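Engineer: The following block contains the structure, expressed as structure tokens.
The values are calculated or read from the model by the stated rules, or taken from the named source; none is laboratory data. The structure presented is a predicted model; accordingly, all values stated were derived computationally and were not measured. Note that we place each Cβ from the backbone using ideal geometry, even for glycine, and neighbour counts take in every protein chain shown.
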Amino acid sequence: MEKDNDIMINADNISMRFNLGIEKGFSLKQGFIDLFHPKKRKEKKKNKNEFWALKDVSFKVKKGEVVGFIGSNGAGKSTLLKVIAGVMKPTKGHVNSYGNICPMIELGAGFDPQLTARENIYLNGAVMGYSKELLDSKFDEIVEFSELKDFLDVPVQNFSSGMVARLAFSIATIVEPEILIVDEILSVGDIAFQAKSEAKMMSMINGGTTVLYVSHSIEAIKKLCDKVIWIEHGVVQKIGGKEVCDDYLNYVNN
């Protein structure tokens, strides 16, 4: 089957299971009873420890689309983005992506706190797949955008969370990827940086980048996205336009 040239991401029946750990509350009495029902205990333990963060999630994203993901805390949105980015392998189903992906999911996750900002630019850039030559050519641009020129030789462990976010965002966006995955990053940093990062993302969108965007700000979703996917308890509730945001708000408020 040939790929539709307009499709950038095809998620097919994605399910993600986590094991919550060893069952607690074991008693001598229960252990004696379970000696006579070992299969029942094994099944009970399995069911108690399993948590399905995603259940049969399917959707397609076309080239240039800006898709917003909404839902309550723990709905599975961030897990889904990590599966699409290749950070996690789904328990069931598969994702096909057609283009280079820039995942901005956990800004600063690839930093070494004991290294300086200068050193972390090269470390984090390498983690993201950027060559030293590219980082050399883009170094001044990264520093200028992050506004951290005076802190280049300061260990990142001494940075505020906003400074870490500014540095990480500046590194991640030095190239314009075909697919951009964004998880709440527009809500980090100070107000000025939030506006700056939003403007940078808009320039990517206008340049044809396909964007997957998770946010708890419904206003931001309505402003930036032309398609909305609502997920609750790991299950897709609705896929559609901005009206899905209103359906979600009605659900939350009732």
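Engineer: I'd like to check something: does region 20-41 contain any residue that is at pLDDT 90 or above and either within 28 Å of residue 222 (Cβ to Cβ) or touching a strand residue (DSSP E or B) at 6+ places or on another chain (Cβ under 8 Å) (or both)? Walk me through how you get there before you give the answer.
Structural biologist: Start the filter on region 20-41 by keeping residues that are at pLDDT 90 or above, which leaves none.
No: zero hits.
Engineer: If I filter region 89-119 down to residues being basic (Lys, Arg) and in the same structural domain as residue 65 (by TED's automatic domain parsing), which single residue comes out as nearest to the chain's Cα centre (by Cα)? Before you say what the answer is, go through the steps one by one.
Structural biologist: Taking region 89-119 as the starting set, the residues that turn out to be basic (Lys, Arg) are 89, 92, 118.
Checking the rest, the ones that are also in the same structural domain as residue 65 (by TED's automatic domain parsing) come to 89, 92.
On the way: 89: 14, 92: 19 Å.
Residue satisfying both the conditions and the ranking: 89.
Engineer: Give 174, 181 a once-over and let me know the one that is in a loop (DSSP other than H, G, I, E, B) and either touching a helix residue (DSSP H, G or I) at 6+ places or on another chain (Cβ under 9 Å) or assigned by TED's automatic domain parsing to the domain that holds residue 201 (or both).
Structural biologist: That would be 174, the only listed residue that is in a loop (DSSP other than H, G, I, E, B) and either touching a helix residue (DSSP H, G or I) at 6+ places or on another chain (Cβ under 9 Å) or assigned by TED's automatic domain parsing to the domain that holds residue 201 (or both).
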